[in-house]
Amino acid sequence: MLEERARIAEKIDWEVPQQIINQLAQAYDEDPSKVGRDSTHMSRYSLTGVMDAARAAWIGGTKMLNHGELLPSGTAKALEVLLPGLSTGPAKGHGINQFALELGMGRGRVATQLFAMGAAVVGVELARERYDLATTALERLAHRCPDTYEMVFVRREASRIRRVSNHGALFEARHGNFFDRVVEAEIRVATLIILQVCLPPAVWPRLRTFLEHCKPGCRILSYEDLELVWRGVGRGHQFPFRDIGTPLLACSWAASEGHRFYCYERLAKEGEDDEKQ
């Protein structure tokens with residue numbers, strides 16, 4: 001078991017089903033053979049927009065807008081660590097039984113990959129430019145795959161696409177600060193949270209409050225080491241997560257060597273019941 005976990009943690013080039021690659025290519029107008037491989041299609045670290053920078057500075061720091069993204073193979077590997085044995089594509093029209101939050105979704109590629117697998121997804125992005133790119137990708141996906149997807153609405157602050165089959169699973173993209181744009185009820189029912197964003201220490205108290213609402217069994221993929229985020233809270237304050245791995249994941253700033261992310265499972269507090277997976 002330990003040897004298998006070590007193998008998963010260090011392997012970078014993770015296989016992604018061709019049907020998922022094809023749908024990402026449709027959404028982002030890319031050559032399927034180059035999705036996640038051609039550097040001209042990768043979003044490396046960048047700062048977006050004067051107004052976006054001003055908003056981020058007010059919230060807690062402009063490095064919140066330093067954007068890179070997981071590549072499809074990195075996302076597939078992360079899911080193997082978080083949810084071992086999970087099917088990587090819709091099975092018999094039902095898809096994966098997950099409700100995912102992607103906080104700091106950028107162009108929405110990870111959220112779109114999860115949605116293509118059959119998950120229900122809410123993705124939030126602070127930078128207007130990248131939110132608009134995500135919305136455009138969803139519109140393109142619905143236009144090019146009308147038998148599978150349809151747009152429900154497109155608005156300035158939120159857009160929604162639904163899967164025609166699979167019980168109408170939804171992906172809603174929202175513009176704004178995820179601390180404000182995700183409600184507590186959504187946090188409490190989420191089974192998977194993707195937090196691939198670098199947050200300054202100034203907002204760590206808000207992040208702790210946000211994640212305290214997770215239900216037992218919720219899995220989290222984090223750019224930040226959450227144990228550092230919780231450090232200094234005070235004696236007797238239990239770290240509410242179990243470490244389930246620190247895999248190297250292919251991403252836009254480290255496509256071949258990978259970057260180390262942190263994977264957690266929410267533990268049950270006294271009086272709470274573990275969520276059955």
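Only the coordinates and a few stated rules stand behind these numbers; no lab work does. Values in this document were obtained by computation on a predicted structure and should not be read as measured data. Please note: Cβ atoms are built from the backbone with ideal geometry, for glycine as well, and neighbour counts cover all protein chains shown.
What percent antiparallel are the DSSP beta bridges of the stretch 123-277, to the nearest 5?
On the way: 21 of 28 bridges.
Counting only bridges with both partners in the stretch 123-277, antiparallel ones make up about 75 percent.
Order these peptides, 182-188, 134-140, by their mean beta-carbon neighbour count within 10 angstrom, highest first.
Numbers: 182-188: 13.1, 134-140: 20.6.
Answer by packing, highest mean first, reads 134-140, 182-188.
Would you please give the residues with an amide H less than 5 Å from that of Gly123, counting only those at least 5 places away or on a separate chain, with H modeled from the backbone geometry?
Excluding prolines and chain starts, which carry no amide H, the hits are Glu102, Glu172, Ala173, Arg174.
What is the distance in Å between the Cα centroid of the stretch 196-218 and that of the stretch 93-152?
22 Å
How much length, in nm to one decimal, is gained on full extension between Glu270 and Lys34, taken as 0.36 nm per residue of separation minus their Cα-Cα distance? Display every interim value, and only then the final one.
Values: separation 236, 0.36 × 236 = 84.96 nm, distance 4.86 nm.
Separation in residues times 0.36 nm, less the Cα-Cα distance, equals 80.1 nm.
Relative contact order for the stretch 178-265 using alpha-carbon pairs under 8 Å, separation at least 6, rounded to a whole percent?
Working: 116 pairs, mean separation 25.3, N = 88.
Computed over the stretch 178-265, the figure is 29 percent.
Want the number for Arg208 to Asp180: 0.36 nm per residue separation, take away the alpha-carbon distance, what's left? It would help to have the intermediate numbers written out before the result.
Working: separation 28, 0.36 × 28 = 10.08 nm, distance 1.43 nm.
Value of the extension gain: 8.6 nm.
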